[in-house]
Structures are given as structure tokens and as C-alpha cells.
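The values are calculated or read from the model by the stated rules, or taken from the named source; none is laboratory data. Only a predicted model underlies this, so the values are computations on that prediction, with no experimental measurement involved. Every residue, glycine as well, gets a Cβ built from its backbone with ideal geometry; the counts of neighbours run over all protein chains shown. Side chains are part of the model used for accessible areas, which takes the heavy atoms of the whole protein and leaves out ligands, DNA and RNA. Shrake-Rupley method; radii C 1.70, N 1.55, O 1.52, S 1.80 Å.
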Amino acid sequence: MPVKEGTYGLLAEFDTPGALVHATEAARDAGYRRMECYTPYPVEEAAEALGVVRNRVPLLTLMGGIMGLTTAFLMQTWISRWGYPMNFAGRPLFSWPAFIIPTYEWTILFSGLSAAFGMLALNGLPQPYHPLFNAPNFRQGATDHKFFLCLEATDPRFDVNETRAFLEQFHAVSVVEVDL
Amino acid sequence: MATKGQISDPMIDPKTGEFAVIAPGHNFKSVTEKIAGVVLTSNTPLGWFFGLIVASGVATFLVIAITWLFLKGVGIWGVTIPGAWGFAIINFVWWIGIGHAGTLISAILLLFKQTWRNSINRFAEAMTIFAVCCAGLFPVLHVGRPWLGYWLFPYPNTMNIWPQFRSPLCWDVFAVSTYATISVVFWYIGMVPDFGTLRDKAQFPLAKYIYGLLSLGWRGSTRHWMRYETASLLLAGLSTPLVLSVHTVISFDFAVAALPGWHTTIFPPYFVAGAIYSGFAMVLTLAIPIRKFYHMEDLVTLRHLDNMAKVMLGTGLIVAYGYGMEVFMAWYSASHWEFFMMWNRMFGPMGWGYWILIATNIAIPLTTLWSRKLRVNVTYLFILSLIVNTGMWFERFVIVVTSLYRDFLPSSWGTYKATKWDYMLYVGTLGMFSFLFLLFVRLAPMIPMNEIKMMLPQTKIKGLDAETTVEETA
């Protein structure tokens, strides 16, 4: 049966992380790619089963750190040497060893903020609306004690009946259709 | 796994003989219910209201002291020449130091994979933030014109002046503001998934709405979790050098000055160790009543208290080494001024401060914390935590006051006496700290639910790879 307009996907509910990971691995072996697991705590095995290996948070953090380092050091150099040159007890205007401490702090500040906000941005958060919140059982367990696998309708292999039959063989507690 | 007979206490892990990190019998649902229940209940315990009233009553002192300060100026404090740094800097250093244990628990112990920290990291981080709030008040008030406090930051202005980057006080601004920002971000990011749980569990529309906003739409997607875990680890990796640098920079406020008693190279490590020492004492002061009041003994177990007491023993010994080195260097430096400062610190008119410090920071804790019996005696630990907090306050008092009040020239000697406004301000910050902490305990999940769930035996997945199977059969 072709996908009807307005279906986000099929959501299978599991009681244990083991059942979820098993079903996810099988779905990947069966050729599904557009899918996602939803768990109350990070399940690394689920990420492996989905084939999610790397993310770009470390890169963003590094860029933030380099930005903080250069910003702080150049700012202090400019202020002390050109912006507001003052003779403090005969010390050189460009007294770089003293500048290292604020530079160190801003390196950490910028990279920490990049890690946190970069993570949120890559995750597309904040996102108050998501089709999954329409599923009747999702909010009763996804952040508590249930494990969900969602096979999305945009996957070329997706077919409402076949996919439902496929998911039901893994002893899912329930398989529901999620509206957009 | 069956118990081996001779050990009947369910809190002791039969495999290792250690206390269990989480009491047996918990599952995903019970963890959520227990922790979210404290926040989402409609029956707020009467004791909480009582605590809040007492805390806000004490915090009123803060409002009064600050109002009078704004009307009269810093002249109402006991600071004068030669004791130009009094309670304001003592309390600033003390509060910042307390905050350090929170970051140590959330960051350093995460990097060292000490999973037992999962039960206590959330409220230790909250403690950090509220302690930094209290600490931040003091320098801002001490500048005399707090409404111009933003002059501390480098910003383009019509006066065409800029901060002086060769001064440790300027470094302080950078260190403490970075510390406050990163702590808040780390704390909030850590709570986002738990706010998602609260959003889904809440019954009242307003609670649903507010926790929904705070959760940013968190839905526990695995791709999100992986980025989240990476970000948490990176934040931990960044907070670790940060927390070590903050008290180092604060110690530079003293160590860079050419004053006997301040001008020493031992200060940075000894300040950081002292900070962690007092911080763990404060975590115990908070954790012991809370776990009792909210019946969290199964999540914050004797293992946690025992481990924290061990950390206190370790950092306490570093602090003791610091004191020893100060005395040794006073003699070994062969500097007349250093020697006199140390003699005056011990036997001068304010020598009582030094001996209170030695008794409360060294003599009592470092002789008793070796005993496992005492380390798991909850009442004793609570009393000890108060003693160490007092001791660490006196450490700052001794460093600031006894180094300042008798300097090189006897004709300029004086004394330092705190006024009632100094005491009111200090006591007021204790009230503000308790007030904020009580609000936190009531309104936010005080124990990270997702991190506790990660430690449960139900998370084991059978038959995936060799490693898990070996663990299962062991």
C-alpha cells in the first residue's frame, strides 16, 4: 500500500534496550536507512546499529576555542599596545605573558559555548513541535522507561503494510502510525 | 546473582565488598518516579516551606546590609588601612572555593569515569552556581560603586579607557565570569533531557508548558544523544582546566603582591586543594539532610558519602602540606619579614585564628577521616563537614588579615575588626544560598535521571559482543 499523504512514519515501542537494538540492526540489514531510535538515556549500541559514528560537535568546539584564543590575545595586545598605551612601572607595553591568563579563560569560554550551543544547533533544538509528539504512546515513555524505533515514511523502502509486518516480528509492544 | 551468605546487608555489593552505588531493586520507571516525584508532587512537604521561610528570613539580612551599604558606602565595613581587604575578599574566596567541588564532581570525575558521581553531580553543580552567585556579590559591592561594575569588562566606551591586563584583579574578572558562564551552561545542558521527562510526566498545564519550554523539545533521539554525549564530555574536558585555573588566578590576587604571607609559589595548588576540600564539605552538608528528607538513601548511598570523605582526606592532606610549607619557607627563606609574619600569625594578637584553623582544618578531620567506621557515620560526617567549612573560612581569614595588619613598618601597624554590617552581609549570603538551593530542589530534578538509568543493570544488552557476555556470566 502506498504511503498516504501526511504520514511521518511507523513507531514501534519496546520494553528493553536489547529488543530495540535487535530490531534496529534488522531494519538496517533489511535496507532501511531513514530511521531513528528514541531512548530515555543514551544507548550507544543503538547508535552503532543506526550507523551513527561521528558528529561535528568536536570540530565546532575546536573552532570556538581558536576563535576565543585569537580574540582574547589580539584584543589585549591592541588595547595595551595601541588602544590605551600606559606605562605601568616600566613594564613593556606588549607584556604578553600577562595576557596568557585572560586568553586561556576565553579559549575555554568560547569553546565551551560552541560545544553547548553547537550541539543544540546540530540537533535542531529548540524545536517545540515534532510529529512524534502526536503518537499517543510516545510521551508516555520515550523520556521515561520505553524504547522506540521509528521507520520514516521518506525511506524508499517504506510501505505501510510491509513495514508494519516487518516491525511486528520483533515483539514490539505496539506499532503505531505517526501523523505529520 | 545470589549473595554469598555471610554478607546480608543488601547495600553491600557481594562481589567487591564495597557499598553499592545504587540500592538494588530499581528500574527505569522507579527512578523516574522517585526523582520526578519530588518536583511534580502537589503535596510540597511542610518541612520545605519551613526551610524556605528560615532561609528567606536570613536572606533579609543581605537585603538590609546591601541597602545600608548603598546609602552609606563601604565605610560601614571594617576595612581600613592597613587591613584594606577584609570580609569581602575572605567571603569571595570562600564561596568560590565551595563552588569548585561541584565542577570537580561534574567534570573531573566524569573524565575519570567515576560513575558513582552520577547521583550527586546535579546538586553539586547547582551548589557551584549558587556559591558563585554569592561570591560574585562581594567584589562587586567592594568596588564601592557597584553600578559601575561593568567597567571591569573591556568594552569600547566614550571615556576611551580600557582595563589593565597586567593586573591579577583583571584576570579574576575573566576567570570568574568564564567560570560562572560555563557552569551555568553545563548545568542547564545536563538538565535538558530531564526537563523532557518532567514535561512528559507533568499533570498541570503550567508545569507542562514551563518544562516544555525548558526542555527545548528534547525527544531522546539517538543522533541527538550522541552529540549530547560528545558535548558533555567536551564540556567536562574544558571545565577541568577551567576549575583548576579559577582558584589559581584567585591565588594570584595574593601571590603576585610582594607582601610576606602572600608572596609564595605554593599558593595556586594549595588554594585549589583547599577549594575542593571545602567544596566537598559543603556537598556533604547539603547531601546528608536532603537524602534523609527526601528518602534518597537508595540513590545517594553510603558509597557516595564514603567516597566524598576520602576525597576530603586527600585534599585535606594537600592543604596540610601547604600549611607546613608556609611555615618551612618562613624559616628557610631567611627573610626577616617572612619569619616575623609567621610568628605574628601564630602567636600575635590574632593567633587564635591560626589555631582555630589548625584544629578545624587539620587536627579534627585528618585524624578521624582515616576510619571507615567514621566515614560512614552520617551524623559524624555532617558535623565534620560543618567543622571543615568553618576551618576553610578561617584559612581565608588568616591569609587575608594576619598578613595585612602588621606590615613592614611598625608605625603603620593596626588591627582588623569586622563590623555588624560585615557579619550581616556574610550571614545574608548563607541565607540566599540556602534559599536558592531549596528552590532548586523543589523545581528542578536534583538527581540526573538519565545518568542514573545508565547505571542500572537493565541497560545491559545480551548477545551483542563478547565483552558484555563475559560480564554477564562472571
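Details
- Test: residue in segment A:143-151 that is more than 7 Å from chain B (Cβ to nearest Cβ), modelled with pLDDT of 90 or more and in a helix (DSSP H, G or I): no
- Residue list for segment A:129-154, filter: among the hydrophobic types (A, V, I, L, M, F, W, C) and more than 20 Å from the chain's Cα centre (by Cα): A:A135, A:A153
- Among (1) over 30 Å from B:P457 (Cβ atoms); (2) buried (at least 18 other Cβ atoms within 10 Å of the Cβ); (3) at pLDDT 90 or above, the one test that A:M63 misses: (2)
- Looking only at segment B:148-178, and only at residues there that are more than 18 Å from B:A255 (Cβ to Cβ) and among the β-branched types (V, I, T), the one that is farthest from the other protein chains (Cβ to nearest Cβ): B:T158
- Among residues of segment A:78-134, those that are among the aliphatic types (A, V, I, L, M), crowded, with 21+ Cβ neighbours inside 10 Å and more than 8 Å from chain B (Cβ to nearest Cβ), counted: 0
- From the options B:S232, B:S278, residue that is part of a helix (DSSP H, G or I), closer than 19 Å to B:F186 by Cα and small (G, A, S): B:S232
- Boolean, A:T70 is open to solvent by 30 Å² or more (accessible area, probe 1.4 Å) and not assigned by TED's automatic domain parsing to the domain that holds A:A142: yes
- Close pairs (6 angstrom Cβ cut-off, 6 or more residues apart or separate chains): assigned to a helix (DSSP H, G or I) in segment B:40-60, among the hydroxyl-bearing types (S, T, Y) anywhere: B:A55/B:S434
- Looking across segment B:151-208, the residues that are among the hydrophobic types (A, V, I, L, M, F, W, C) and not in a helix (DSSP H, G or I) come down to B:F153, B:M159, B:I161, B:W162, B:F165, B:A202, B:F204.
- Conditions (1) closer than 29 Å to B:R291 by Cβ; (2) in contact with a Pro (Cβ under 8 Å, 6 or more places away or on another chain): number failed by B:A126: (2)
- Residue within segment B:426-445 that is within 14 Å of chain A (Cβ to nearest Cβ) and open to solvent by less than 20 Å² (accessible area, probe 1.4 Å) present: yes
- The single condition from (1) in contact with a Gly (Cβ under 9 Å, 6 or more places away or on another chain); (2) surrounded by fewer than 21 Cβ atoms within 10 Å (Cβ to Cβ); (3) more than 9 Å from chain B (Cβ to nearest Cβ) that A:G51 fails is (1).
- Scope segment A:33-42; condition open to solvent by less than 10 Å² (accessible area, probe 1.4 Å) and more than 7 Å from chain B (Cβ to nearest Cβ); matching residues: A:M35
- Considering residues of segment B:186-211 that are among the aromatic types (F, W, Y) and out of contact with any helix residue (DSSP H, G or I) (no Cβ under 7 Å at 6 or more places or on another chain) only, the residue nearest to the other protein chains (Cβ to nearest Cβ): B:Y188
- Of all residues in segment B:218-245, those satisfying the criterion of being open to solvent by less than 10 Å² (accessible area, probe 1.4 Å), among the small types (G, A, S) and within 15 Å of B:L110 (Cα to Cα) are B:A231, B:A236, B:S239.
- None of B:W343, B:W331, B:W337 is surrounded by fewer than 17 Cβ atoms within 10 Å (Cβ to Cβ), of a type in the set (F, W, Y) and in contact (Cβ under 8 Å) with a residue 40 or more places away in the chain except B:W337.
- Test result for B:I22, hydrophobic (A, V, I, L, M, F, W, C) and either surrounded by fewer than 13 Cβ atoms within 10 Å (Cβ to Cβ) or in contact (Cβ under 8 Å) with a residue 12 or more places away in the chain (or both): yes
- When B:A257 is tested against (1) modelled with pLDDT under 90; (2) crowded, with 19+ Cβ neighbours inside 10 Å, exactly one condition is not met: (2).
- Meets criteria (under 24 Å from B:I182 (Cβ atoms), in contact (Cβ under 8 Å) with a residue 60 or more places away in the chain, within 9 Å of chain A (Cβ to nearest Cβ) and among the β-branched types (V, I, T)) for B:V283: no
- B:R145 fulfils the conditions (1) free of Cβ contacts under 8 Å to residues at least 60 places away in the same chain; (2) within 20 Å of B:L443 (Cβ to Cβ); (3) open to solvent by 40 Å² or more (accessible area, probe 1.4 Å) except for a single criterion, (2).
- Selection within segment B:212-243 - among the polar types (S, T, N, Q) and facing chain A (nearest Cβ under 7 Å): B:S221, B:T222, B:T230
- In segment A:16-32, of all residues being in contact (Cβ under 8 Å) with a residue 12 or more places away in the chain and touching a Gly at 6+ places or on another chain (Cβ under 9 Å), the one that is least open to solvent (accessible area, probe 1.4 Å) corresponds to A:R28.
- Criterion applied to B:T248, B:T197 was being open to solvent by 20 Å² or more (accessible area, probe 1.4 Å), in contact (Cβ under 8 Å) with a residue 24 or more places away in the chain and polar (S, T, N, Q), and the one residue passing it is B:T248.
- Just one of the listed residues (B:T265, B:T230) is within 30 Å of B:W393 (Cβ to Cβ) and of a type in the set (S, T, Y), namely B:T265.
- B:I81 passes every criterion in (1) closer than 24 Å to B:A175 by Cβ; (2) surrounded by fewer than 14 Cβ atoms within 10 Å (Cβ to Cβ); (3) in contact with a Gly (Cβ under 9 Å, 6 or more places away or on another chain); (4) among the hydrophobic types (A, V, I, L, M, F, W, C) apart from (1).
- Qualifying residue in segment A:8-22 (condition: more than 9 Å from every other protein chain (Cβ to nearest Cβ), hydrophobic (A, V, I, L, M, F, W, C), more than 16 Å from A:D155 (Cα to Cα) and out of contact with any helix residue (DSSP H, G or I) (no Cβ under 7 Å at 6 or more places or on another chain)): yes
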